[in-house]
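The values are calculated or read from the model by the stated rules, or taken from the named source; none is laboratory data. Predicted, not measured: the structure shown is a model, and the values here were computed from it. Note that we place each Cβ from the backbone using ideal geometry, even for glycine, and neighbour counts take in every protein chain shown. For the accessible areas, the whole protein counts, side chains as well, though only heavy atoms, and no ligand, DNA or RNA atoms are used. Shrake-Rupley method; radii C 1.70, N 1.55, O 1.52, S 1.80 Å.
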Amino acid sequence: MGEFAIGQPVTRFEDPRLLRGGGRYVDDLAIPGMLFGQVLRSPHAHAKIKSIDISRAKAAPGVAAVLVNEDWATSGFGDLPRAEGKKKRDGSPMYRPHFPALAKDKVRYVGDPVAFVVAETVEQAQDAAELIDVDYEILPCVTSVALGSEPGAPLVWDDCENNICFVHLEGNKEKTEEAFAKADHIIKKRFVITRVTAATMETRGSIGHYDKAADRYTIYTTLQRALNFREELAETLNIPESRLRVVAGDIGGSFGMKSGVFNEVGLVLLGSKVTGRPVKWVCTRSESFIADAHGRDNVSDAEMALDKNGMFMGLRVRNLVNMGAYTQPGTDAGAFSNLGTLAGVYLTPAIHVDVTAVYTNTNIMRPFRGNGRPEAAFVIERLVDLAADELGIDPAEIRRRNMIPPEKMPFQTGLSFNLDCGEFEQVLDQSLEMVDYKGFEARRAEARKRGKLRGIGMSYTIEKAAAPGYEGAEVRFDRTGSVTVLTGAVTQGQGHETVFKQIVSDTLGIHPDEIHYLQGDTDQVFFGEGTGGSRTAALGGSAVTVATGKVVDKAKKIAAHMMGVDEVDFAEGVFTARETNRTLSMKEVARAAMSPKNIPQGMELGLNATAAYHTTKQNYPNGCHIVELEIDEDTGQVEMDRYVVVDDVGTVLNPLLLKGQIIGGISQGVGQMLMEHIRFDPQDGQNLTGSFMDYAMPHAEIFPHIDIKSHSVPTKTNILGVKGAGEAGCVGALPAVANALVDALSHLGVKHVEMPATPERVWRIMQEAKAGRA
Amino acid sequence: MHNFNYHRAADVADASGKLTSLEDPKILAGGMTLLPTLKNRLAAPSDLIDLAAIADLKGVSVEGDEVVVRAMTPHAVVAASAEVQKALPALAQLAGNIGDPAVRHRGTIGGSVANSDPAADYPAGCVGLDATIVTNKRKIAADDFFLGLFETALEEGEVITSVRFKIPTRAHYMKFRHPASGYAVVGVMVAQYGSKARVAVTGAGPCVFRLSEMEAALEKSFAPSSIANIKVSAEQLMGDIHCSAEYRAHLITVYARRAVEAMV
Ligand SMILES: Cc1cc2nc3c(=O)[nH]c(=O)nc-3n(C[C@H](O)[C@H](O)[C@H](O)COP(=O)(O)OP(=O)(O)OC[C@H]3O[C@@H](n4cnc5c(N)ncnc54)[C@H](O)[C@@H]3O)c2cc1C
């Protein structure tokens, strides 16, 4: 409706509340009688627990309970959710270790929970945790994924051979080998995708509350998918889902990280069960670096086969992917579920990918914005640039030659993606124009005079969004005609409230001020999955649309009945009786619907509707990023100067929020390419980047203006025509920045720059290149 | 954080008295360094003596050929002071590039100097600008004040009351910011006092130090080319996961040259 209609740049309804400190995050909640928990974590990457003495801690002031593995084992609770379904190379099932909330006999990464202290105050819990005496026997450890699968590497799990968790194969091996046999050119490169952490503004936290009288558990926690979370957690607790309530308040960022059922969730519930009081645990910032799940961390050996005209004939990729020390559903998905991005927007007929997932003595992994997409995009888009360089073809031209043209849609790529639509060449051309591609060499020459090495880099990436799944929505009219809308989605900052209110307002003609959005409480939301994988606009948005459609259908019948006509028209919130001047507003109909005298016979009272929307096909957002940057020749410092994006995310529901998503994604991609990096000491496995004094995050000041345009090609895979937008920015940024860096240094013969391209790394590359040339 | 007793000192004498009489006391200035240390349980002083209420310890002034910054003056005040900007712009600029806005509004010169963090900016300002560190007991030349890693000439019960910077003919400070913390990976203060030159380096060694070879070269001819080829040995320098000693050594020459370029 009007200024709030779908497609309008509506400012976020949640912002006034959140920006004024009105958010309700886990740490804002207090329940009478609440105790506080502190986790004692392993200081070693790999060690045997010879003994634990908790007697001093138990006697410390204010302590209500001190829990160790034995308490977990005897509580009736089972393993935390475990990954399943994959196989090893010989066809045997994947290695799935047990996953108790507190380590049994051995610790397997720095930060592995060993004991949980519950006390009257946080400080007392901290003091007591320091009084636990653990006798460790330190064992050799392995943190690097490349070393982890080498014969003779220390074993994270004694009975897991070579630390191999599972193997995943995709594509057509024979066809790919044929393509390579016939190729005129083969480009080969090893790419290392570093480990990063989500560093969410709100750290993780949980309050566990066991109500003994009702024999029911409630967990207030940080998550992405409340209903899925309930299903998994109920299994761990060995209780029917109906005896568990999961509540998420506001969530301050997740990016995939908070999507798991972490150890502390089990611990606050056990703590509550043992003490009979609610127990809160909130991660400190320092703790988060060693306690959170990390993202990415893999090594790709990639090869591309080309003919003499620069047409891609085949692609062969072998990945080693770090799983950390334990696996959960979803922790492994980054290894295989988004490999389709490797095929890119290209016609490449033959592709084969071979993935080995490897356990190491490191934090568990979770999806991190893109979840395999940025990694794959990096590999293909770097390979394309390497190929362009080798064959002496302009990077834009080699992409153009190989792009899938719109008339070939739908197109089955050499991997899993079956593309429904996309106008890649148009998007490319628009981006080239926005950045003034033709004028670049003049800008490079001008920069050179200032002692700066200027480079330009592009990426054209495609990803899958909204993997087949479902989402629920409910529209409830109050007696006075205002509305509550509920979905299974859980916003972590994306702005679901704004977009859902837009849809309700647009389809029902209700002012957003009269719409309340409710999410994240499994006792209130009847159906759905949650938020993740760039799915909510497509699935949640469609579910809301279906629900409001049902409301309109019913309301039309009531309005016709009230006005004594056969049919009415509905537009902008107003029902009009045909061929009369009588009208009724949606609100009037909603109020009237509460009284039996106003509705046709046999109809149910009220104007409520639910929808359970599902899709069978994912969608394929895609786009072009072009970045120009300058390298300080003396110091290796990198400064971005131009950044343009043309994105096809289908129908745009709110261009303001879309830009926010793209910019946020870009900043995380740039962060990884230039500075963010979780590093472990290779000897003792300590996290060397355990605070913001050592883990560098990109600040706003390093970014130039980011110029974003949309080229919308609506998809038919959902009723709104939207494609996912949450991860696209991050996917495109990594390779675009990398390509620009290499371009800036190409005159020195540089072919690749590893991430993160810190000033010293870039400086060394220049030194070595110059020494090599001299 | 462990428990401690909190005291609000009425004046410097009160603070000094408490420092010598209490069990394991610490001065609290802006708390930007001290409080994170306490929160991470890396220190557990029995008493904190807060200097915040002592009006005498705040503010900046130009007195003769000196810029005087009292100990409890936050970096943001030094950066924004019209007097400092006029008399000693290099100092205002140095203060304005410390950390982030929150740190600049809380962190104080006294805390910075007393802490002698190897990556802090003020030590380069003090030594490069021939400053005197004034305490409740004596005056200490900056050259004699910074002794090593987090080590200064301060004695028990000694409270820094002000820092007096000598106004140079001209000066410039160049800093290579640490991408994570904003601290100096390398910071170089170059100052010219008539025919004399001072080059002070922070961030690279265990504490601030002077480069006499560069000073001598600049005293001969104050030009970028005089020092552009003076290499600094990496041997005594610090290396960490972000920047090796070799890279820091390289940066010192680049930043010293750039500082001189900015001055001439
Ligand atoms: C995120 C972050 C980024 C930073 N970036 C930079 C940077 O880029 N450059 C930089 O130079 N600094 C930086 N700092 C340090 C900051 O600028 C302060 O200078 C520093 O924290 C100390 O000042 P303070 O007033 O906070 O002292 P406090 O933390 O209160 O005290 C520090 C120490 O000095 C002692 N002390 C304080 N005042 C006196 C006094 N008058 N006499 C004797 N002893 C005293 C205290 O007892 C304590 O031991 C950063 C700090 C943070 C947290």
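Structure notes:
- Placing unit charges on the Cβ atoms of the charged side chains and taking the dipole of the stretch B:58-261 about its Cα centre, the candidate lying farthest along the positive direction among B:Val60, B:Ser81, B:Met214 is B:Ser81.
- Farthest towards the positive end of the charge dipole of the protein assembly as shown, among the residues A:Ser286, A:His561, A:Gly533, is the Cα of A:His561, using unit charges on the Cβ of Lys, Arg, Asp and Glu.
- Residues whose placed amide H lies under 5 Å from that of A:Arg216, excluding near-sequence neighbours: A:Asp211
- Close amide H contacts of A:Gly78 (hydrogens built in the peptide plane, cut-off under 5 Å, sequence separation of 5 or more or a different chain): A:Leu237, A:Asn238.
- Stokes-Einstein D for the stretch B:5-50, Kirkwood Rh over Cα pairs, 37 °C, 0.692 mPa s (µm²/s): 305
- Pairwise centroid distance, computed over Cα atoms, of the stretch A:1-65 with the stretch B:27-76, Å: 33
- Integer Hz, Karplus 6.51/-1.76/1.60 couplings in order for the stretch B:10-18, x for Gly and Pro: 7, 8, 5, 4, 4, 4, 4, x, 5
- Close amide-amide hydrogen proximity is noted between B:Ser162 and B:Ala71, B:Val134, each under 5 Å apart and 5 or more residues distant or on a separate chain (H modeled in the peptide plane; Pro and chain starts excluded).
- Remark: the stretch A:235-242, residue by residue, has Karplus-estimated 3J(HN,Hα) of 5, 4, 7, 6, 10, x, 4, 5 Hz, where x stands for each Gly or Pro and the curve is 6.51 cos²θ - 1.76 cosθ + 1.60 at θ = phi - 60°.
- Here the dipole of the protein assembly as shown is about 780 debye; that uses its Cα centre as origin and unit charges on the Cβ of Lys and Arg (positive) and Asp and Glu (negative).
- For the stretch A:513-572 versus the stretch A:388-406, the gap between their alpha-carbon centres in whole angstrom: 46
- Percent antiparallel among DSSP beta bridges (both partners in chain A, rounded to 5): 80
- Sequence of A:Arg479, A:Arg535, A:Arg190, A:Arg216 when ordered by accessible area, the most exposed leading, probe 1.4 angstrom: A:Arg479, A:Arg190, A:Arg216, A:Arg535
- Note on the stretch A:62-154: percent of Cα-Cα distances in each 5 Å bin, starting at 0 and stopping at the bin with the largest distance, equals 2, 10, 15, 17, 19, 15, 9, 7, 4, 2, 0.
- Neighbouring Cβ atoms from other chains, within 10 Å of the Cβ of residues in B:241-252, number 4 on average.
- Sites listed here are GluC sites (Glu not before Pro) in the stretch B:211-260 whose DSSP assignment is loop and whose Cβ has at most 11 other Cβ atoms within 10 Å: B:Glu235.
- By accessible area with a 1.4 Å probe, ligands and nucleic acids excluded, highest first: order of A:Asp513, A:Asp297, A:Asp436: A:Asp513, A:Asp436, A:Asp297
- For A:Gln767 and A:Asn238, a Förster radius of 56 Å and the Cβ-Cβ distance give a FRET efficiency of 0.40, rounded to the nearest 0.05.
- Think of chain A as a dipole: +1 on every Lys or Arg Cβ, -1 on every Asp or Glu Cβ, centred on the Cα centre; then among A:Gly21, A:Ala146, A:Gln430, A:Gln430 lies furthest on the positive end.
- Evaluated over the stretch A:143-186, the Cα radius of gyration and Dmax, each in Å: 16.3, 46
- Tail beyond 50 Å, pair distance distribution of chain A (Cα, percent): 19
- Potential lengthening between A:Thr480 and A:Glu754 on full extension [0.36 nm per residue; Cα-Cα distance subtracted]: 92.5 nm
- Sorted largest first by accessible area at a 1.4 angstrom probe radius, with every protein chain in place, the residues A:Asp647, A:Asp385, A:Asp53 fall in the order A:Asp53, A:Asp385, A:Asp647.
- Area buried, chain A against chain B - accessible surface, total, 1.4 angstrom probe, square angstrom: 1800
- Anchor B:Lys58: lysines whose Cα lies under 21 Å away (excluding residues fewer than 8 positions away in-chain): B:Lys18, B:Lys26, B:Lys86, B:Lys137, B:Lys139, B:Lys166
- Accessible surface of A:Val299 - all protein chains present, 1.4 Å probe, nearest 10 Å²: 10
- The calculated FRET efficiency for B:Ala13 paired with B:Glu83, based on their beta-carbon distance and R0 = 30 Å, is about 0.60.
- In the assembled protein chains, A:Tyr643 presents an accessible area of approximately 0 Å² (probe radius 1.4 Å).
- Dipole in debye (nearest 20) - the stretch B:5-50, about Cα centre, beta carbon charges: Lys, Arg +1; Asp, Glu -1: 240
- Exceedance of the 18 Å cut-off in Cα-Cα distance is limited, within the set A:Lys173/A:Lys308; A:Lys617/A:Lys716; A:Lys48/A:Lys86, to A:Lys173/A:Lys308; A:Lys48/A:Lys86.
- For the pair the stretch A:271-295 / the stretch A:714-760, the C-alpha centres are spaced 35 Å from each other.
- Cleavage-rule hits, trypsin sites (Lys or Arg not before Pro), the stretch A:1-50, DSSP coil, Cβ neighbours within 10 Å at most 14: A:Arg20, A:Arg24
- What the phi angles of the stretch B:227-232 give under the Karplus curve with 6.51, -1.76 and 1.60, with θ = phi - 60°, is a coupling list of 10, 4, 10, 7, 8, 9 Hz, glycine and proline written as x.
- A Cβ-based charge dipole, computed about the Cα centre of the stretch A:39-158 with Lys and Arg at +1 and Asp and Glu at -1, lands at about 660 debye.
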